[in-house]
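J.: Handing you this structure, nothing more for now.
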Amino acid sequence: MKPIRYVIVPKQPAAHIFEVTLTLADPDPAGQRFSLPTWIPGSYMVREFARNIVSLQAFSENGRKVRIDKLDKQTWQAAPLKGGALTLRYEVYAWDLSVRAAHLDDTTGFFNGTSVFLAALGHEAAPCRVEIRKPAGAGYRNWRVATALTEARGTKRYGFGEYQAQNYDELVDHPVTLGEFELATFTAHGVPHDIVISGHTTRVDMERLSADLKRICEAQIALFEPRSKKAPVSRYVFMTLAVSDGYGGLEHRASTALICNRTDLPVAGRTEMTDGYRTYLGLCSHEYFHTWNVKRIKPAAFVPYDLSRENYTSLLWLFEGVTSYYDDLMLVRSGAMSPNEYFAQLGKTIGGVLRGSGRLKQSVAESSFDAWIKYYRQDENAPNAIVSYYQKGSLVALAFDLAIRERTNHRKSLDDVMRLLWQRYGRDFYRNGHEAQGVGENEVRALIEEATGVDLGSFFDEAVYGTRDLPLEALLAPFGVELRPDFGNGDAGRLGKPSLGARMRAAGTDCAVAAVHDGGAAQKAGLSAGDILVALDGLRITGSNLDTLLMRYLPGATVDIHAFRRDELRVVRAKLDGPEVTRYKLVADDKARAPVRRARERWLLD
C-alpha cells in the first residue's frame, strides 16, 4: 500500500492552532471516508476529539476544492474522484494541558496522534509518514522534537523533519513533545532511554533521575526476561511536562507522557528522597510497566482497538490494578524505596479502598467494565457507588501474590504469572500482525494455575467478581507483617476522635462538603455534597478548623450545624460518628523466625 503522508505545523501557537495536511495517494473512488478517534487507549472515556477540529477542506491533486461532508460526529466523506491523490487540510485547536490530547502555546507543544491525525478508513494498515515542522518565528529557533517515532532518512534525532510508522495504530501510539526541554539519556540492559523534561524548571538533577530510572527499568526488564534481559523496545522516551499543580501519565508502546508538579523533580545538590520525588518515580514505574502489561499483553477486547466507540472489558483490574501493585514494588526491588516506605504506601492504599462503601457494591470486574461511565465520570457519590480497579485491583494482585507464594512454599509467585502472560500474548504481539491474540475475559484463573500450579478456586472468584473485603490480615501474617488500623492523631484518635462521616474540601475560606459516606452522621443529618458548613454549636466553621472544633466532642455527641445549601440556610442536628480509620499500618516483625523473614525478603526484594 502507498504511504499516507501527514504534515503537522504549529501554525498559530498563541491561538493554540495546529495545521495538519493529509495526502492520500489512492483514495476510494466511490468517496473516501476519514475519521478521528473518540478516545485514546489507556484513558477509558469517550472524549470526542473531533470537537477540536476548527476547519477542514479537501483538494484534488490539481489543487481544486473537493466537496467533503460530515457524516457523524467524527467521520467525513469526500466526493468521488476520477483519479489522483486527495489532500485534506484542517486546523486543530490544542489547549488541553494533559497527557490525553494536544496542547500548544508559545512555550511548548504536545500532541497525541489520536487528537490530530485523521484516519483514512480502509487504509489503516498503510505505512504513514509525518513531517513535523517548526513554528515560524525567531522565538522558536531553539525548539526541538521529542518522540519515539522512527526518524526517516535525513531527519536527525530531536530534530524537525520526517518521521515514519508502519501503520495508523503505530502512528497514534507515539506522542510528540515540541519546544525547549531538558534531556538526558541512560541505557537499561543496553537499550537507550531518554528523559525529556519540559515546562519551567530549574536545577533538575538529571543525573540522579537517570540513575534511579535506570535501576527501575532494569528491574522490570529482568522480571519479564530474567535470562535474556531483553527489553521489548529498541528505544524508550519518558516525556514529562512540569507544572505548578498536576499529576498523571499515559502509556504508549515505546514512550510515556507524564505531567507532574515541578517540585516533585529532584534538585541538583539535594540528596533526600522527598514524598513528591518518590511519587514521581512511582508514576514513571507504573507507565513503564505498561510497556509489557496492556501495550503488548492486551485484553482480547482491545485486539484490535476500535477507536470509534467504547471497547468493553472486565479485565482492567488485571492491566491497571496489577500494574499499580508492581509500580511501587519495583521501586523496592530497585532500591528507590525501602520496605518500610513501601508498607506505608500500601497502608494508604488499603485505607483508601476500605473507606469507601462502593467496594461493597461493585466488584473490580464490574468496575473495569463500567470504567467508561463510572470511574472516568466520578461525581460526589462515587465513594458510595464504585470501587477503583486501580486501587482495589492492586490489592487483589497483592492477595494473589501472597497466596501463591504461601501455597507453593515460595517457589512460585505472581511474577511467574506475568512471565507466562508475556510469553504467550505479549512478546511477539506486534510481530504477529493480524494473528495477534489478547487475554480472554475468563482465562485468567486458568492462566494462574498453569503458571504456578495453584488453583485459587473460589478465592479468585470472590476477589475478582465479589464484593467482600480481601483477607489481607491473614495473607500478610505468614510473611511476618501485621496489619493495624490507623485512626490518626495517635491514641487520642483511636480513643475518641469523632467524625461527621463526610469528606470536606476548602472553598476559599469556607468549608464545603465534598462527599457524604453511606450511613454516616452527615448523611443521617441531611447534609449533602456541596453544602457550605457555617457553624458548629454556634462557632464558625472555616476551611481549616473543622477537625479542631470536632475534637471538643466525644463520639455519639449531638451537635447543631448551620449550613448553606445554595442560598438557603439550614440547621441540622448530627450525632457524631466514632473515629474514622484514615489509613492502615503494616508493621514488619523483625524478630520473626528466620523462614518468615526470608519469605518477606523474597516477596519484596527478589
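The values are calculated or read from the model by the stated rules, or taken from the named source; none is laboratory data. Since the structure is predicted, the reported quantities are computational estimates derived from the model, not experimental observations. Cβ sites come from the backbone with ideal geometry, for glycine too, and all protein chains shown count toward neighbours.
Conditions tested, residue by residue: (1) surrounded by fewer than 23 Cβ atoms within 10 Å (Cβ to Cβ); (2) of a type outside the set (S, T, N, Q); (3) closer than 16 Å to His16 by Cβ; (4) out of contact with any Leu (no Cβ under 8 Å at 6 or more places or on another chain).
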| residue | (1), (2), (3), (4) |
| --- | --- |
| Ser98 | yes, no, yes, yes |
| Ala102 | no, yes, yes, yes |
| Arg129 | yes, yes, no, yes |
| Arg144 | yes, yes, no, no |
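J.: For the range 242-251, give me the residue count where each residue is assigned to a strand (DSSP E or B) and out of contact with any His (no Cβ under 8 Å at 6 or more places or on another chain).
T.: Total satisfying the criteria: 3.
J.: Here is a further query. Mind telling me which of the residues Leu97, Leu71 ends up being in a strand (DSSP E or B) and either in the same structural domain as Thr240 (by TED's automatic domain parsing) or of a type outside the set (S, T, N, Q) (or both)?
T.: Selected residue: Leu71, the only one of Leu97, Leu71 that is in a strand (DSSP E or B) and either in the same structural domain as Thr240 (by TED's automatic domain parsing) or of a type outside the set (S, T, N, Q) (or both).
J.: From the list Ser234, Ser198, Ser255, which residue is closer than 20 Å to Trp422 by Cα, buried (at least 21 other Cβ atoms within 10 Å of the Cβ) and at pLDDT 95 or above?
T.: Of the residues listed, the single one that is closer than 20 Å to Trp422 by Cα, buried (at least 21 other Cβ atoms within 10 Å of the Cβ) and at pLDDT 95 or above is Ser255.
J.: Among what's in the range 536-563 and is part of a strand (DSSP E or B) and not basic (Lys, Arg), pick the residue that is farthest from Gly508 (Cα to Cα).
T.: Thr558
J.: Give the number of residues within the range 252-290 that are within 30 Å of Tyr430 (Cα to Cα) and not in a loop (DSSP other than H, G, I, E, B).
T.: Here the count works out to 15.
J.: Can you tell me how many residues within the range 184-208 are within 26 Å of Thr107 (Cβ to Cβ) and either out of contact with any helix residue (DSSP H, G or I) (no Cβ under 8 Å at 6 or more places or on another chain) or not in a strand (DSSP E or B) (or both)?
T.: Residues flagged as within 26 Å of Thr107 (Cβ to Cβ) and either out of contact with any helix residue (DSSP H, G or I) (no Cβ under 8 Å at 6 or more places or on another chain) or not in a strand (DSSP E or B) (or both) within the range 184-208 amount to 13.
J.: Taking Ser43 and the conditions (1) out of contact with any Ser or Thr (no Cβ under 8 Å at 6 or more places or on another chain); (2) closer than 20 Å to Ile132 by Cα; (3) of a type in the set (Gly, Ala, Ser), which numbered condition does it fall short on, given that it satisfies the others?
T.: Exception for Ser43: condition (2).
J.: Restricted to the range 111-156, and to residues that are acidic (Asp, Glu) and outside any loop (DSSP other than H, G, I, E, B), which residue is nearest to Pro27 (Cα to Cα)?
T.: Going through the qualifying residues, I end up with Glu131.
J.: Residue under question is Leu536, and the condition is that it be assigned by TED's automatic domain parsing to the domain that holds Leu395, surrounded by 18 or more Cβ atoms within 10 Å (Cβ to Cβ) and either in contact with a strand residue (DSSP E or B) (Cβ under 7 Å, 6 or more places away or on another chain) or under 25 Å from Asn384 (Cα atoms) (or both); does it hold?
T.: no
J.: Any chance the range 27-44 includes a residue that's within 30 Å of Val303 (Cβ to Cβ), touching a residue at least 12 places away in the same chain (Cβ under 8 Å) and among the charged types (D, E, K, R)? Spell out how you get there, then give the answer.
T.: So the first thing to find is which residues in the range 27-44 are within 30 Å of Val303 (Cβ to Cβ), and the list is 27-28, 30-44.
Next, from what is left, pick out any that are touching a residue at least 12 places away in the same chain (Cβ under 8 Å): 27-28, 30-44.
This time we only want the ones that are among the charged types (D, E, K, R), so: 28, 33.
Taking every residue of the range 27-44 in turn, at least one turns out to be within 30 Å of Val303 (Cβ to Cβ), touching a residue at least 12 places away in the same chain (Cβ under 8 Å) and among the charged types (D, E, K, R).
J.: In addition: Can you find even one residue in the range 293-309 that is over 20 Å from the mean Cα position of the chain (by Cα), more than 30 Å from Ala125 (Cα to Cα) and assigned by TED's automatic domain parsing to the domain that holds Val417?
T.: No: the range 293-309 contains no residue that is over 20 Å from the mean Cα position of the chain (by Cα), more than 30 Å from Ala125 (Cα to Cα) and assigned by TED's automatic domain parsing to the domain that holds Val417.
J.: At negative phi, in a helix (DSSP H, G or I) and β-branched (Val, Ile, Thr) - does that describe any residue in the range 414-427?
T.: yes
J.: While we're looking at this one, here's another question. Would you tally the residues in the range 262-287 being within 13 Å of Gly42 (Cβ to Cβ) and in the same structural domain as Cys217 (by TED's automatic domain parsing)?
T.: Number satisfying all stated conditions: 0.
J.: Right, another one. Picking from Ala506, Ala521, Ala512, Ala529, which residue would you name as being touching a Leu at 6+ places or on another chain (Cβ under 6 Å) and not hydroxyl-bearing (Ser, Thr, Tyr)?
T.: Ala521
J.: Let me ask something additional. With the structure loaded, tell me whether Asp28 is among the acidic types (Asp, Glu), assigned to a strand (DSSP E or B) and either at pLDDT 95 or above or in the same structural domain as Asn167 (by TED's automatic domain parsing) (or both) or whether it fails that test.
T.: no
J.: Which number in (1) over 28 Å from the mean Cα position of the chain (by Cα); (2) modelled with pLDDT under 95 marks the one condition that Asp455 misses?
T.: Result: Asp455 passes all but (2).
J.: Quick check on my filter: what residues within the range 558-596 are out of contact with any helix residue (DSSP H, G or I) (no Cβ under 9 Å at 6 or more places or on another chain) and surrounded by 13 or more Cβ atoms within 10 Å (Cβ to Cβ)?
T.: Asp560, His562, Ala563, Phe564, Arg565, Arg570
J.: Determine, yes or no, whether Asp105 is of a type in the set (D, E, K, R) and without any contact (Cβ under 8 Å) to a residue 12 or more places away in the chain.
T.: Criteria not met by Asp105.
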